[in-house]
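J.: Please find one structure pasted underneath; my questions will follow.
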Amino acid sequence: MCVRALFATALLAFPLGIVADDTLGPEKLALLQDATGWEYVSMDDAQNGFPRQHTCFDGNPHPDECSGRLTFTRQNRFIQQVSIQHQTVARHGTYQLDGNQLAFFDEFGTRDGPYTIDIDTDKKLMSMDMPQIKVRLVLYKEYRKELEDARKRKKQ
């Protein structure tokens, strides 16, 4: 799959902008809006009826090849950065949160979603799902800790 097509799919799968309220509960809302953001772990989509998993976001970290981070602010803004093969695409906008339904509005006002979100407060994982798209993210600081732990184990 060419890099441009993967970026386009990632941009569709990772919405822009949210209007937050406390229907997630204070602990989940605080995690959602953690200042370090969320690292993309996996993305599966069934565009055109053919399920596929993106090689960069397949559930295993590939920090030297690709990465993606999504950050939500308390001011209902989001920032998304996806890097694949040393090319970075940044998007931003606002978001709306209605219960567990999350919709993004990018810098051009284009809506993406709503996604059904769920946050596992113990594992620091978030899922964002639509019928044909399933996205999994891990809290960025947990992701960095796991990478560092893996590097330490590898050196031993």
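J.: Just checking, how many residues over the stretch 117-145 are in contact with a Pro (Cβ under 9 Å, 6 or more places away or on another chain) and surrounded by fewer than 14 Cβ atoms within 10 Å (Cβ to Cβ)? Show your work before the answer.
T.: Going residue by residue through the stretch 117-145, those that are in contact with a Pro (Cβ under 9 Å, 6 or more places away or on another chain) are 128, 130, 132, 143.
So of that shortlist, the ones also surrounded by fewer than 14 Cβ atoms within 10 Å (Cβ to Cβ) come out as 132.
Counting residues in the stretch 117-145 that are in contact with a Pro (Cβ under 9 Å, 6 or more places away or on another chain) and surrounded by fewer than 14 Cβ atoms within 10 Å (Cβ to Cβ) gives 1.
J.: Looking at the stretch 12-28 only, could you name the residues that are modelled with pLDDT of 70 or more and surrounded by 18 or more Cβ atoms within 10 Å (Cβ to Cβ)?
T.: 24, 28
J.: Just need a number here: residues in the stretch 88-136 that are of a type outside the set (A, V, I, L, M, F, W, C) and outside any loop (DSSP other than H, G, I, E, B).
T.: Number of matching residues: 22.
J.: Related question: Would you mention how many residues in the stretch 98-116 are out of contact with any Phe, Trp or Tyr (no Cβ under 6 Å at 6 or more places or on another chain), in contact (Cβ under 8 Å) with a residue 24 or more places away in the chain and surrounded by 14 or more Cβ atoms within 10 Å (Cβ to Cβ)?
T.: Residues that pass the stated criteria total 6.
The values are calculated or read from the model by the stated rules, or taken from the named source; none is laboratory data. Given the structure is predicted, the values throughout are model-derived calculations rather than measurements. Here Cβ is always computed from backbone atoms with ideal geometry, including for glycine, and neighbour counts include all displayed protein chains.
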